[in-house]
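What follows draws every value from the coordinates through simple rules; no lab data is involved. Note that this is a predicted model, so its numbers are computed, not measured. Heads up, the Cβs are rebuilt from the backbone with ideal geometry, glycines too, and the neighbour counts pull from every protein chain shown.
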Amino acid sequence: MSSHYEAPIREPLILGEKSYHDISVDVGAPILGKANKSWWIVFSIALVAFLWGLGCIVYTVSTGIGVWGLNKTIGWAWDITNFVWWVGIGHAGTLISAVLLLFRQKWRMAINRSAEAMTIFAVVQAGLFPIIHMGRPWLAYWVLPIPNQFGSLWVNFNSPLLWDVFAISTYLSVSLVFWWTGLLPDFAMIRDRTKSPFQQKIYGILSFGWSGRAKDWQRFEEVSLVLAGLATPLVLSVHTIVSFDFATSVVPGWHSTIFPPYFVAGAIFSGFAMVQTLLLVMRKVVSLENYITIVHIEFMNKVILLTGGIVTVAYLTEYFIGWYSGVPYENYTYLSFGAATGPYWWAFWALIICNLIVPLTLWVKKWRRNILWTFIVALVINIGMWFERFDIIVICLSKDRLASSWSMFSPTFVDIGVFVGTIGFFFVLFLLYARTFPVIAQAEVKSILKSSGARYKRIRESGKDLAGTATDKRTSTYAERPASLSVASNAGATHHQSTVNADVLVDTEAKKAEIDMMLARIGTYDPATQTPDDLTKISGVGPVLEQKLHQLGIYTYDQVSKMTKEEYDLLDEIIDAFPGRAERDDWAGQAQKLKN
Amino acid sequence: MASGNVLHVLYNDDDVLMKAVKEIRAKKYRITEAYTPFPVHGLDKAMGLPHTRLAICSFIYGLIGLSVATLMMNFIMIEDWPRNIGGKPSFSYLQNMPAFVPIMFELTVFFAAHLMVITFYLRSKIWPFKKAENPDPRTTDDHFLLEVDAAGHDIDSLSKFLYETGASEISLIHNEEHA
């Protein structure tokens, strides 16, 4: 149909022979399967870091913020650097989901869910710092405009710090409902796919009873669009207001009209770098390479290139104006004996190298499409953007207008511990999310499958009609047929073993015959009398491989235990990702043990 | 739904579904509901659903948020306890308004976004602990279900016609509570 048309020059966004059902299976796999070892290792490390940070926070609060490296001159340093860094990271999520939605960018579909999750988790980390910095976090409610017991004195609404309270809490709550509303159909998919009653109950509650009526979808799309329209100026306002914290002051180096746009660009820059860092790992760990493709990575690199360019121009403007103004305070902050050559020269040059120079390599298409290099650049930008905030805050404060109060800042172990703790907390949340939430907005990906899927692009280019191509034999035999009406079934001409649904894996009749012969040797699975075993208990079999074995009609330990070299070779041939180690790991022997 | 009998007609392709909806409506059969796993573009139009007015609601909620912010700033900063901050005394709302723009903007967005989402949840009857109502679990995976009113129609010829539109499965549902 013409409505699915997309210019052939556009690269496919969904690779492989994916049907709608495949998307459900692939997105559901990490939730319905078991966590692998690497997940547990990374989770434990993150948890330890989080607990260490928690200890440092408890120490700070119980002893006082004197345990930090702050002094009379430098009253904001490590904590506010971390705050601005985390808020900045929290920008890419809403940008991807809102701005790219308004621009109708289809590539956002595969990454918006995780980017939004990242936003929420990052803003949570950011919020911790001002609250801890208060010293008495239990009095944090004093920033709210509530009539209080000290008379009717109100909070100061002329202060950017209070604007921050409103901006960030609005941003966090709006991002949260945006994220959750988008999650409803995907939770519903998990609810309807899982066989565990516990998961059915949990995802039933989480999905708010989403049923997917036509009217619900119409409202859903309208709500998404309006929320995107609201979130776009919102995301710009948040970092603008964060920059006001500095720009409205009189500190040289802070008092700068360029800050709002420059902070926003820097936030998007660092946010995309963090999205890259997370997604490059996640697509591998939960096998979503067909959805988060090299095209997505390249598009994100282009955004990084654009926002990095804006940041670079902003830096150069600041240095030029510092020199051109002839104001010694401004000038020193950036040039002469200031940042570049002063005691903090290393922080200054770290910023220049990480944010200005290294990202320039992304102009080369080959490097932009290199996954390892992208990962390295993303990490470098994360570091560089931290130094940017450190430079602005600490260097500018360290030498103010009164030479007698010049000072240096060095962090204590508590400063560092709290920061490490928030990184740990962030990853704890993100890893839990990756195991329990649909990490890809599968309903939205399904809606672009026919226009941007590799398989459908090919069908369309061969001149065939797309109508009817979404049929998937695996789901057509899923439920009990109703008894009241006879059902016209278009079963295949040749009859194969009924437990085999291997159409995605094999295409020739000869191969299907070989599978039938294999099942004749190792035994067929009868769903009426037998229950499937958990094949992932065999070392070397993950949820994805288990699903492929299911497609070939292999469900029980008994069947696996009868495998010989002949079967291994056939599996090797049929399954692309078959590790070729079945023989080495001795699956048959393992299955024999598990059987008993 | 005057009569109790409806047909649940399953399709497994969105293009086939769209074509079928047009054919069914051309034959003057009544489609009472459609369940789909993802937003099928143009389905609401093909089914003849009216536009949603949620965007208008959101605009009104935004205006309410703006008014709340204005009244709040005026009361707190001008009337209740005027202060002289940085040599800028709080005499009139109009003169001090520029400092309140960020708050006015944030509250506008806050009201518009949250009240619209709450309206959406209430109108679509979705909330925690609500039971899902899709008749077949495959409608959140890769199947599309149309609920066709069978009242006053010969069920055999109707289902024959529906199979011709490309339906993969059809089942007859007796709704006793409506009988």
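Summary table below
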quantity: Cβ-based exposure ranking for A:W363, A:W163, in which fewest neighbours within 10 Å come first; calculated: A:W363, A:W163
quantity: FRET efficiency, A:V124 to B:R123 (Cβ-Cβ, R0 25 Å, nearest 0.05); calculated: 0.25
quantity: The range A:25-111 shape via C-alpha gyration tensor axes, a/c threshold 1.5; calculated: oblate
quantity: Among A:Y20, A:H91, A:N36 the positive-end extreme of the charge dipole of the protein assembly as shown (Cβ point charges); calculated: A:H91
quantity: Span-like helix ranges in chain B, DSSP H, alpha carbon extent 20 angstrom or more, Kyte mean at least 0.0; calculated: B:54-73, B:101-123
quantity: Tensor-based shape of the range A:38-185 (alpha-carbon gyration tensor, a/c under 1.5 rounded, otherwise prolate or oblate); calculated: oblate
quantity: Likely footprinting exposure, A:K215, A:K450, fewest C-beta neighbours within 10 Å first; calculated: A:K215, A:K450
quantity: Per-residue average of Cβ from other chains inside 10 Å of A:448-455; calculated: 1
quantity: Gyration tensor (alpha-carbon) shape descriptor, chain A, a/c threshold 1.5; calculated: prolate
quantity: Ordering of A:438-445, A:204-211, B:84-91 by burial proxy (mean other Cβ atoms within 10 Å per residue, highest first); calculated: A:438-445, A:204-211, B:84-91
quantity: Residue-averaged beta-carbon neighbours from other chains (10 angstrom radius) around A:155-167; calculated: 5
quantity: Inter-chain Cβ neighbour average for residues A:223-232, partner chain, 10 Å; calculated: 5
quantity: Net +/- balance of residues flanking A:N82 in space, Cβ distance below 11 Å, scoring K and R +1, D and E -1; calculated: -1
quantity: Computed over chain A: relative contact order in percent, which uses C-alpha pairs under 8 Å that are six or more apart; calculated: 24
quantity: Neighbourhood charge, 9 Å Cβ-Cβ cut-off, centred on A:G468 and excluding it, Lys, Arg +1 and Asp, Glu -1; calculated: -3
quantity: Between the range A:1-56 and the range A:79-139, the Cα center-to-center distance that results, in Å; calculated: 20
quantity: Net charge, A:Y315 excluded, C-beta distance under 15 Å - Lys, Arg +1, Asp, Glu -1; calculated: -3
quantity: Among A:I321, B:S159, A:S159 the positive-end extreme of the charge dipole of the protein assembly as shown (Cβ point charges); calculated: A:I321
quantity: Cα centroid separation, the range A:361-437 to the range A:191-238 (Å); calculated: 33
quantity: Residue-averaged 222 nm ellipticity for chain A, from DSSP H runs of 4+ at -39500 (n - 2.57), nearest 500; calculated: -19500 deg cm²/dmol
quantity: Euclidean distance between Cα centres, the range B:10-70 to the range A:524-558, Å; calculated: 41
quantity: Förster radius 25 Å - calculated FRET efficiency between B:E133 and B:H174, Cβ distance, rounded to 0.05; calculated: 0.90
quantity: Loop-located trypsin sites (Lys or Arg not before Pro) in the range B:100-179, at most 13 other Cβ atoms within 10 Å (DSSP); calculated: B:K125, B:K131
quantity: Fewest-first ranking of A:W386, A:W39, using other Cβ atoms within 10 Å as the exposure measure; calculated: A:W39, A:W386
quantity: Dipole magnitude of the protein assembly as shown, debye to nearest 20 (Cβ charges: Lys/Arg +1, Asp/Glu -1, about Cα centre); calculated: 980
